[in-house]
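Notes for the one structure printed next.
The values are calculated or read from the model by the stated rules, or taken from the named source; none is laboratory data. Source: prediction; values computed, not measured. So basically every Cβ, Gly included, is an ideal-geometry build from the backbone, and we count neighbours across all protein chains shown.
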Amino acid sequence: MISIMELLNSLSVIEVKGDTDRMINGIYYNSRDVQPGSLFVAVGGYKSDGHCYINEAVKRGASTIVRDKDIAGNGINLKGEVTDIFVTDSRKALALLATEFYHHPSRELGLIGVTGTNGKTTITYLLDSVLRCSGLSVGVVGTISYSYNNHVLPATTTTPESLDLQRMLRDMVNRNVNYCVLEVSSHSLELKRVVGCDFQTAIFTNLSQDHLDFHKSLDNYFEAKARLFKDYPVKTAVINLDDPYGERLLKAVPGKVITYGINKSADISAEEVKCSPDGLSFTARTPLGQIDIQSPLLGRHNVYNVLAVIGAAICNGIDIACIKEGVKAVKGVLGRFERIEEGQNYTVAVDYAHTPDALKNLLRAAREITNKKVILIFGCGGDRDRLKRPLMGNAAARLADFTIITSDNPRSEEPLKIIEEIEKGFSEAGGKQESYIKVAERKEAIHKGLELAEEGDLVLIAGKGHETYQIIGNKKRDFDDREVARGFLRNRREERDV
C-alpha cells in the first residue's frame, strides 16, 4: 500500500482532482485486471487506447485514474470519489509509478542491460552462466523467457512493460536474486519501459537494419538504442568498438566505458581466433590479463558475444576462472544455431536470424561447418520493416548454395507479396534462377529443403528460431520449426528402418 501523495512526487502533473490522501493497493494498465482500491493508468497504444477503458476501470473499482489526454465530452464519467490525475506522459508515468510502488528494486540487485540488433539473447545466456559460476543467483529477462529462481515465464515481449518489469524485479529481490540480465529492446526504450531502472552495466552489441517500420530510419533506431547509455543511470558501458555505431556511441556516452573488438584497438580484444564445427577458441586480451577461451558456440559473430560478456563480467568483479568456466558451459541457446539430430547424415540447424546482418553471420558460420552445400529456408515477417526484405534476399543469393523462400509470420500481408520483395534481392545480387525456389507454405518449404539435402550438407531454417507459433492474419497458430524438422526426419528414419 502506498499513498497517492507519495506517488505524485515522481510525476510531471498538469492537474489533480480529488482526494490525494487515499492509499493505493495496486497499479494496472489493463482495465480487465483492475481491482477495487487500485490505480489505473490510461496508456495510448497502437491498436487500442487505454483512455477508452477508463469507465470500465472505474466500474471495476479503480479509485484513481492517471491519464495524458483530455477526456471531456468523451462519455467518461469520473465520480467525485475517483481521484483524477492529468499528466504530461502516461507511459512515463506508468514506469515512474511502478518504480515507486515497488520501491526501486533495481537499486537492490545488479541490473545488466543488453541492447543492439543482434546477439542480445546469446549474451544473456552466457552472462547467466558466468555469474552462476561465481555462486550468484541470476534472473534472465529477454526474448525467449523470463526466468529466475526456478520460475520460468514465457516472454510476451523482449522487454516487459514497465509495470510488469518492476514487479518482476521486486520479486527477484524478495527471492534473493543477486543479478538480473535484461534484454533492452529499442521498442522498450522508445516506449519508456525501463524508465526508473538503475543499471550496473549496459552492453551495446551492434546495429544493423531492423525495425524500420517502427523507427522509420537507422538514425532514429540508433538514437533509441543510445538512450540506454545517455538517459539512464549506468555505472559502466560495454561497447563493441568494431561496429561503426559503437564508435559513434562511444563519443556520446558520459560515464565509464570498456570497449571490445577484434579489429580495433579495444580494451578487450580477441587474438588467434579459430572457428570450427566444434566451436570457438581464441585468446582474449583483457585488463585482468590473458584469458584462453573455449566455447561450443559456432561462428565468428559469437566471438563478439563472448567478448561483450568478458567486459561485463570484469565490470562486476568476476574472476578469470569463472569467466572461462561459464563461457565453456553454454553448449547452445534455444533457436540460435540449434541443431536437430534425428540420425540423418547431414546437419540441420534452426536459427532466429531475421535481419540481413544476422543472416550473413549465420551463413558465414555455416561455411565453417561444411564444405558441401548450404541449403537455406527463410522468409520475412509481415507488417514489419519491408526495406530489409531484398537485403536478406541479396545475402542469401551470395552466401547460400540453394534457397527456399517461404513465409515467416505473414500477419496481415499476403505471403506471396512478401516473397516477391525478398526475391528482388536475388536479382540485384545476380543470383541464378535455378539457385532458389518459392514455397509459400512454411511446413512444405522445410520438408522440401530436407528432401534436397545430401550427405554432409547443411540445412539452415532461419527467421523464427525458438518461436512456437506462426501468425497468419490475426490468428496465432502452433508452429515450431524444430518440431516440423524433427517430424520429417523421424518419418524418414522409420521408413529406412522398415
Is it the case, given these coordinates, that Thr99 is crowded, with 21+ Cβ neighbours inside 10 Å and in a loop (DSSP other than H, G, I, E, B)?
no
Residues in segment 20-51 that are among the charged types (D, E, K, R), at pLDDT 90 or above, exposed (fewer than 14 other Cβ atoms within 10 Å of the Cβ) and in a loop (DSSP other than H, G, I, E, B): how many?
1
How about segment 390-406: which of its residues are buried (at least 24 other Cβ atoms within 10 Å of the Cβ) and of a type outside the set (Gly, Ala, Ser)?
Met392, Thr403, Ile404, Ile405, Thr406
Among the residues of segment 78-94, is there at least one that is outside any loop (DSSP other than H, G, I, E, B), of a type in the set (Gly, Ala, Ser), free of Cβ contacts under 8 Å to residues at least 60 places away in the same chain and under 18 Å from Leu165 (Cα atoms)?
yes
Which pairs turn up if I take residues in segment 364-391 that are among the aromatic types (Phe, Trp, Tyr) and look for partners that are crowded, with 20+ Cβ neighbours inside 10 Å and modelled with pLDDT of 95 or more with beta carbon separation below 6 Å, at least 6 apart in sequence or on another chain?
Phe378/Ala462; Phe378/Gly463
Residue match in segment 127-138 (condition: outside any loop (DSSP other than H, G, I, E, B), crowded, with 20+ Cβ neighbours inside 10 Å, assigned by TED's automatic domain parsing to the domain that holds Thr201 and within 10 Å of the chain's Cα centre (by Cα))
no
Considering every residue within segment 358-365, establish whether at least one is aliphatic (A, V, I, L, M), surrounded by fewer than 20 Cβ atoms within 10 Å (Cβ to Cβ) and in the same structural domain as His447 (by TED's automatic domain parsing).
no
List the strands (runs of 3 or more DSSP E) that sit entirely inside segment 149-239 and contain at least 1 residues that are under 16 Å from the mean Cα position of the chain (by Cα) and without any contact (Cβ under 8 Å) to a residue 24 or more places away in the chain.
151-154
If you check Val34, Val58, which single one turns out to be of a type in the set (Val, Ile, Thr), out of contact with any helix residue (DSSP H, G or I) (no Cβ under 8 Å at 6 or more places or on another chain) and more than 29 Å from Pro233 (Cβ to Cβ)?
Val58
Restricting segment 439-470 to residues that are within 19 Å of Leu334 (Cβ to Cβ) and β-branched (Val, Ile, Thr), the residue that is surrounded by the fewest Cβ atoms within 10 Å (Cβ to Cβ)
Thr468
Candidate set: segment 1-30, residues that are over 17 Å from Ser90 (Cβ atoms) and of a type in the set (Ser, Thr, Tyr); chosen: the one farthest from the chain's Cα centre (by Cα):
Thr20
Take segment 324-350 and flag every residue that is closer than 19 Å to Thr283 by Cα and in contact with a Ser or Thr (Cβ under 9 Å, 6 or more places away or on another chain).
Glu325, Gly326, Val327, Lys328, Ala329, Val330
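Of the residues Ser265, Ser276, which single one is closer than 30 Å to Leu460 by Cβ, among the hydroxyl-bearing types (Ser, Thr, Tyr), in the same structural domain as Glu223 (by TED's automatic domain parsing) and loosely packed, with under 13 Cβ neighbours inside 10 Å? Working first, answer last.
Numbers: Ser265 fails: closer than 30 Å to Leu460 by Cβ.
Sole residue among the options that is closer than 30 Å to Leu460 by Cβ, among the hydroxyl-bearing types (Ser, Thr, Tyr), in the same structural domain as Glu223 (by TED's automatic domain parsing) and loosely packed, with under 13 Cβ neighbours inside 10 Å: Ser276.
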From (1) part of a loop (DSSP other than H, G, I, E, B); (2) touching a Leu at 6+ places or on another chain (Cβ under 9 Å); (3) in contact (Cβ under 8 Å) with a residue 24 or more places away in the chain; (4) over 21 Å from Lys324 (Cβ atoms), pick out the condition that doesn't hold for Ala266.
(4)
Against the definition (under 18 Å from the mean Cα position of the chain (by Cα), aliphatic (A, V, I, L, M) and either crowded, with 21+ Cβ neighbours inside 10 Å or in the same structural domain as Tyr46 (by TED's automatic domain parsing) (or both)), how does Leu249 come out, yes or no?
no
How many of the residues in segment 379-397 are more than 14 Å from Gly430 (Cβ to Cβ) and assigned to a helix (DSSP H, G or I)?
4
Being out of contact with any strand residue (DSSP E or B) (no Cβ under 7 Å at 6 or more places or on another chain) and free of Cβ contacts under 8 Å to residues at least 60 places away in the same chain narrows Glu454, Glu413, Glu423 down to just Glu413
On the basis of being within 25 Å of the chain's Cα centre (by Cα), part of a helix (DSSP H, G or I) and in the same structural domain as Asp219 (by TED's automatic domain parsing), does Ile258 make the cut?
no
Of the residues that make up segment 55-72, is at least one assigned by TED's automatic domain parsing to the domain that holds Leu8, surrounded by fewer than 21 Cβ atoms within 10 Å (Cβ to Cβ) and touching a His at 6+ places or on another chain (Cβ under 7 Å)?
yes
